[in-house]
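One structure is given below, encoded as structure tokens.
The values are calculated or read from the model by the stated rules, or taken from the named source; none is laboratory data. Note that the structure is a prediction, hence the values are computed from the model and not measured. As a convention, Cβ positions derive from the backbone with ideal geometry for all residues, glycine included, and neighbour counts pool all protein chains shown. Ligands, DNA and RNA are stripped out before the accessible areas are found, and what is left, the full protein with its side chains, is counted by its heavy atoms. Shrake-Rupley method; radii C 1.70, N 1.55, O 1.52, S 1.80 Å.
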Amino acid sequence: MNTPFRAHGHGHVDRDTTLSFTFDGITHTGHPGDTLASALLANGVHRVAGSIKYGRPRGVLAAGAEEPNALVQIEAPFPEPMLTATTVELYDGLVARGLSGQGRLSSRPDPARYDTMHAHCDLLVVGAGPAGLATTLAAARAGARVILIDELPRPGGSLLGGQELLDGAPATVWADGVVAELDAHADVQVLRRTTAFGHYDDGLVLALEKRTDHLGATAPAHISRQRVWRIRAKQVVYATGAYERPVAFDNNDRPGIMLAGSARTYLNRFGVLPGRRAVVFTTNDSAYPAALELADAGIRIAAVIDAREEVPEHWRAACHERGIGIRAGHVVTGTSGVERVTRAHVAAFGRGRLGERQGIGCDLLLVSGGWNPAVALFSQARGALRYDTGIGAFVPAHALDGVRTAGSASGTFTLAGALADGVDAARRALSAIGRTCRTTALPSPAPLPDAAPAHVLWRVPSPQDDQDGAKQFVDLQRDALVSDVLRATGAGLRSVEHVKRYTTIGTAHDQGRTSGVMTSGIVAEALGVDVADLGTTRSRPPALPVAFAALAGRNRGELFDPIRVTALHPWHVEHGARFEDVGQWKRPWYYPRADETMDEAVLRECRAARTGVAMMDGSTLGKINVQGPDAGVLLDRLYTNMMSTLKVGRIRYGVMCGVDGMAIDDGTVIRVAEREFLLTTTTGNAAKVLAWMEEWLQTEWPDLRVHLTSVTEHWVTIPLVGPRSRDVLALVAPGLDVGKDAFPFMSWRDATVAGVAARVCRISFSGELAYEINVPAWDGITVWKALHTAGGAFGITPYGTETMHVLRAEKAYPIIGQDTDGTVTPQDLGMSWVVSKKKPDFVGKRSFTRAENRRGDRKQLVGLLPADERVLLPEGAQIIATSEIPAPPVPMLGHITSSYRSDALRRTFALALVRSGTQRIGETLYVPLDGRTVPVTVTEPVLFDKEGTRRDG
Amino acid sequence: MTVETPARFSPLSQWRDSFAQLPTGVQVRELPCLTQLTLRAEPGSTAARSIEASLGITLPGPLRAEVSEDVEVLWMGPDEWLLVAPEVSRHDLLARLRSAIGDEFATVTDVSAQRTTLALSGRLVPEVLARGCAIDLDPRVTPVGSCLTTLLAQAPITLVVRGEGASSVWLLVRASFASYLATWLLDACTEYRGS
Amino acid sequence: MQLIACPWCGEREENEFHYGGQAHVAYPQDPYALDDEQWAEYVFFRDNTKGPFAERWVHAAGCRRWFNALRDTVTHEFLAVYDVRAKHPPTTSAAPAAPRRKDQEASR
């Protein structure tokens, strides 16, 4: 295969193995260790994408996560949009194409697995460049628990992209040795292909590990493709390096324009020559090693354009040796070329004035405007930044207690400095958690001459004759221009945070790594303020794009939210129940037979309960055991009615209110023993009611001798309902006297039911003769089946929540949370009888006498009968007084809270909260529905068996 | 009252075969129908001391579990313990506790069917748990005998560390969450099943 | 995911806890001695403090115990956790129950 731009003798890719990939329909080859970008460049492909707004050809600007241009869509093995070619590890069979802006999500479900891993350490080191390796090594030798994460498949960071020597050998040899030592430490974990993307409270760092992305179609299906690490670290050291920044000049976006350090990385890490003939434009020393190494590898360096008047003598000498001309005090003012840069326009630049321009032919224009320490995560941790005039960039102002930076991320750009800073960071971090760190011997880099000061240059003025249409790009991904920044400042914006939002600079998925600081510089110049005072924008998570699937981890599909089931659940599934979600519970909704509709099934189930016998799974009801000498006192204070007078063996219905007097829950209370009660809560409120009771008990009345214990799941609860329920119970509980007088309403008995010790309660949520059989959950299925069998002769019918709702609504038993919304008192529900007049106080009582609560025009629970008995009103529908909808604002009298078809009433009916409802009984009101109004008659809420004659059978 | 007890069905009785297919590095077994009693008593009170004497146990302090004879005592809160014992000892244990408490203020509630118990063992256990549990299971932080009520995935659990480095743990989970947790555990072990 | 130091269980992630609003708002000795406005003050009105604020929290997914905490509403830093039965929050100079960062800026 012909890859014309491979530099032989350079790079860490595996040349013995060839990978085939397709880009924009053309098949190319690369090697393991390549990124998609390096493989494209090796094949001479520079134009990767079109820009989002102007559709201009774009190439590869950088070699890592800072890339703003080279956006690609992966098509195979599985579609994934919006990736940068510089961060996609090459694999065999990769199919990708360049993107103009937005990509396309797959319409197929992603077959890959994603997961989460929690980890804990004394010290988290982010970045395995020279500083991070030194930090980790020092901390590991001190015996600390350390996690080192790095985004690349191979540790080494910037060492992989340079030609530095340490102790006379290539620096990567040292790095490999350090990693080998770290891998041998039991308390050290080195995570490769892992990028920190968020710093959260208390040392929590989230990082994304790409585990199988690089395996392409051969990725094993059982291994998670990506993993989110949740790392809780006592100390964090960000050794995240620095990103080179460009300089803005006219048409600074053409393919072939590349950051100088990135070109150096392509040569040294990937063995790729990003061009044949290069112009190098710099404001600082760092472009010189790039120019020299690329020249030595065979690239013709047409000129070095140095914005500084003074160029250090040693660089002059080294360039002279290679025949490279240097133009000091010059800048690049613009470029020519469309699909690829063909010419750099160069002019002298001093005192704000450009000299005469001259074109230099090139197919590669390398740019270095200086280096920005990678402080995004430090900034997320709320670390303050300060402007360092020496390097013209923002650096951490000072370390935080648990978070610090090391090496280039601190603005220490020399190799020797980074290594020393790394060890120092380890020492300080461990010292902060009371550990000591001995000195670690460091390798010596080759001596370097002192660095000369950089010239801070944000942009080159646009030459007069080019103002028509020449564009100076700041944020290449957002296609945001210098002129956009100036428009923002012209509109009066003074804060870089506002400019960011006005221009969208820094909001693309590169998060402004190459454009953010430049924007500060341009805004400062435009406003005539010091960039140090202006500052830069604060970073927010995530620092890089993370797929929702990765964030979700295992929490998808059936694991999205816990599915809570009762002990009877398998029976319901076997018998074809349709389920309703009630909180996290799956409850049987109805049990359709053959091709029954839901309406048909519910009417049949209702009929069985009212005329024969029916049974349901009521196990989800919250159950709280209340024990202790003061149990009655506590319940008297929390329920609106009196509980302490309840006799052992008896049951009472109760309502709890908030201090505002509004109903918050209801249920039954049974007195188990002198010092023991068992109360039930609504299904959805079980945890809330227990927490509410505990709050009063622990914080307000700690002297009460009461203990509360949740026993919700200890019991399976089976309501057995209907005129024939007594017959069925008698069959399965032969030892129990089920006679009307022997076992009266609102009492309970211990009994043996189907051979199981059970507690049987005579309570009813339907108005029918009914029992509630409670057994330990593990016996539940035995008892349920026994009831089902014994009831067979009576046509026993299992029913679900829908039928339960219809039956209770016919009797106007409210559902807290459906017929109430936190603004409804027991009196509003027509339940003044449940509010004790004897008790001196209980929670909510004082509020009942507030003027607001005594108003006659409060909304009250009433029944509604649609004039057309076939019309089912939607729950939530509004109620008005007139048949014509008046002009807005329409006076609303209330809304429908429950609405059903009733088998017993042979018609539809509803419950509603209606203003002055009890005074409107007999009136006709109207419900706007589908462009008309439906007349309804207001009735007493109880619509079935008003006399309550059915509960004794 | 003597009752001929029918077969009992624990929340995860249908999962036995799925658990059996897990690799040796992570063995999962349900310990069904254990006796579980919630004991509430003020530490150091007459009732608490009497219970300790009667059962020959020490009521452990925060975040600890104590084993004595057949009763495992798990700390659940500052005045709350869960006593875990074999199925057969329920009535005996209840009777002994109630007798030890006498007229003092301390309470016992039978919650045996409220939770089920999963025994996990194998060298992969800490790694599997780390996929859904924010607790640091390093033995220097969470040694043998630790008892923590916390979250695993999205399920409330009580975690008892029974083997060095969390190589053996109990997970007590509320019955309604048991199948969710079992589904999660099997999913979290996918990587080992494939290899 | 912040860590909150339960007085009994130590530091746990914040999703194990539920918030219970302002602490030290006692149920009135005699609600019937209060006029409607005074009663409404107890029922509906709470401080909206910028800075250290005494609150009730419950370790819902752990030991189920309510406790009080002094928390800075600007930085979210827990300055102290203390007994629900205490009459007043400890002064801010008291040693924090959980050693926590002091590096937070007032910037959220």
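In the range A:306-342, the residue that is farthest from A:Leu354 (Cα to Cα) out of those that are hydroxyl-bearing (Ser, Thr, Tyr) and open to solvent by 30 Å² or more (accessible area, probe 1.4 Å) is A:Thr342. If A:Ser408 satisfies all but one of (1) free of Cβ contacts under 8 Å to residues at least 60 places away in the same chain; (2) outside any strand (DSSP E or B); (3) touching a strand residue (DSSP E or B) at 6+ places or on another chain (Cβ under 6 Å), what's the number of the condition it fails? With (1) free of Cβ contacts under 8 Å to residues at least 60 places away in the same chain; (2) outside any strand (DSSP E or B); (3) touching a strand residue (DSSP E or B) at 6+ places or on another chain (Cβ under 6 Å) applied to A:Ser408, the lone miss is (1). Restricting the range B:104-145 to residues that are touching a helix residue (DSSP H, G or I) at 6+ places or on another chain (Cβ under 7 Å) and charged (D, E, K, R) leaves a set whose member that is surrounded by the fewest Cβ atoms within 10 Å (Cβ to Cβ) is B:Glu104.
The one condition from (1) charged (D, E, K, R); (2) at pLDDT 95 or above; (3) part of a loop (DSSP other than H, G, I, E, B); (4) open to solvent by less than 30 Å² (accessible area, probe 1.4 Å) that C:Lys50 does not meet is (4). Of the residues making up the range A:490-522, those that are free of Cβ contacts under 8 Å to residues at least 40 places away in the same chain, surrounded by fewer than 19 Cβ atoms within 10 Å (Cβ to Cβ) and either in a helix (DSSP H, G or I) or in contact with a helix residue (DSSP H, G or I) (Cβ under 6 Å, 6 or more places away or on another chain) (or both) number 4. Tell me, please, whether a residue that is in contact with a helix residue (DSSP H, G or I) (Cβ under 7 Å, 6 or more places away or on another chain), of a type in the set (D, E, K, R) and open to solvent by less than 50 Å² (accessible area, probe 1.4 Å) can be found in the range A:423-444. For the range A:423-444, residues in contact with a helix residue (DSSP H, G or I) (Cβ under 7 Å, 6 or more places away or on another chain), of a type in the set (D, E, K, R) and open to solvent by less than 50 Å² (accessible area, probe 1.4 Å): absent.
Across the range B:146-162, the number of residues qualifying as open to solvent by less than 10 Å² (accessible area, probe 1.4 Å), away from chain A (no Cβ under 14 Å) and within 18 Å of B:Val26 (Cα to Cα) comes to 2. Filter the range A:156-167 down to residues that are open to solvent by 10 Å² or more (accessible area, probe 1.4 Å) and on the phi > 0 side of the Ramachandran plot and give me whichever is farthest from the other protein chains (Cβ to nearest Cβ). Among those that are open to solvent by 10 Å² or more (accessible area, probe 1.4 Å) and on the phi > 0 side of the Ramachandran plot, it is A:Asp167. For the range B:163-178, the tally of residues that are touching a strand residue (DSSP E or B) at 6+ places or on another chain (Cβ under 9 Å) and open to solvent by 20 Å² or more (accessible area, probe 1.4 Å) stands at 4.
Checked across the range A:529-544, the condition of being open to solvent by 20 Å² or more (accessible area, probe 1.4 Å) and more than 35 Å from the chain's Cα centre (by Cα) holds for at least one residue. Looking only at the range A:226-243, decide whether some residue is open to solvent by less than 40 Å² (accessible area, probe 1.4 Å) and outside any strand (DSSP E or B). Yes. Of all residues in the range B:142-163, none are among the basic types (Lys, Arg) and in contact with a Lys or Arg (Cβ under 7 Å, 6 or more places away or on another chain). When the residues of the range B:114-137 are filtered to those that are in a loop (DSSP other than H, G, I, E, B) and of a type in the set (A, V, I, L, M, F, W, C), the one that is nearest to the other protein chains (Cβ to nearest Cβ) is B:Ala134. Only residues that are at positive phi and crowded, with 24+ Cβ neighbours inside 10 Å: list them for the range A:119-155, please. Within the range A:119-155, just A:Gly127 meets the criteria.
Scanning the range A:716-747 for residues that are within 14 Å of another protein chain (Cβ to nearest Cβ) and open to solvent by less than 40 Å² (accessible area, probe 1.4 Å) yields a count of 5. Out of the range A:782-791, which residues are open to solvent by 20 Å² or more (accessible area, probe 1.4 Å), within 11 Å of another protein chain (Cβ to nearest Cβ) and within 18 Å of A:Ala614 (Cβ to Cβ)? Within the range A:782-791, A:Lys785, A:Ala786 qualify. Among the residues making up the range B:56-110, a single one is under 12 Å from the mean Cα position of the chain (by Cα), small (Gly, Ala, Ser) and within 19 Å of B:Cys33 (Cα to Cα): B:Ala85.
Among the residues here, A:Asp479 qualifies as acidic (Asp, Glu) and either over 30 Å from A:Ser286 (Cα atoms) or open to solvent by less than 20 Å² (accessible area, probe 1.4 Å) (or both). Of everything listed in (1) more than 32 Å from the chain's Cα centre (by Cα); (2) farther than 30 Å from A:Trp315 by Cα; (3) at pLDDT below 90, the single unmet condition for A:His509 is (1). Within the range A:580-610, being open to solvent by less than 70 Å² (accessible area, probe 1.4 Å) and within 14 Å of chain B (Cβ to nearest Cβ) holds for A:Val582, A:Gly583, A:Gln584, A:Trp585, A:Lys586, A:Arg587. Yes or no: A:Arg427 charged (D, E, K, R), touching a Ser or Thr at 6+ places or on another chain (Cβ under 9 Å) and assigned to a strand (DSSP E or B)? So A:Arg427 fails the test.
Yes/no matrix, rows are residues, columns are (1) in contact with a Leu (Cβ under 9 Å, 6 or more places away or on another chain); (2) outside any loop (DSSP other than H, G, I, E, B); (3) within 14 Å of another protein chain (Cβ to nearest Cβ):
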site: A:Val367; (1), (2), (3): yes, yes, no
site: A:Asn372; (1), (2), (3): no, yes, no
site: A:Phe378; (1), (2), (3): yes, yes, yes
site: A:Arg386; (1), (2), (3): no, yes, yes
site: A:Ala399; (1), (2), (3): no, no, yes
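With respect to A:His118, determine if the residue is farther than 30 Å from A:Asn555 by Cα and at pLDDT 95 or above. No. Answer yes if at least one residue in the range A:748-755 is within 11 Å of chain B (Cβ to nearest Cβ), farther than 20 Å from B:Phe9 by Cα and surrounded by 18 or more Cβ atoms within 10 Å (Cβ to Cβ), and no otherwise. The answer is yes, given that some residue of the range A:748-755 is within 11 Å of chain B (Cβ to nearest Cβ), farther than 20 Å from B:Phe9 by Cα and surrounded by 18 or more Cβ atoms within 10 Å (Cβ to Cβ).
For A:Val843, the test of being open to solvent by less than 50 Å² (accessible area, probe 1.4 Å) and in contact with a helix residue (DSSP H, G or I) (Cβ under 7 Å, 6 or more places away or on another chain) is passed.
Pairs are defined by a Cβ separation below 7 Å, a sequence spacing of at least 6 or placement on different chains, a first member in the range A:693-712 that is at the interface with another protein chain (Cβ under 7 Å from one of its Cβ atoms), and a second member that is of a type in the set (Asp, Glu); the pairs so defined are A:Arg705/A:Asp630. Of all residues in the range A:376-409, those that are within 35 Å of the chain's Cα centre (by Cα) and under 29 Å from A:Leu294 (Cα atoms) total 5. Looking across A:Ala470, A:Ala451, A:Ala420, one residue alone is of a type in the set (Gly, Ala, Ser), modelled with pLDDT of 95 or more and not in a strand (DSSP E or B). It is A:Ala420.
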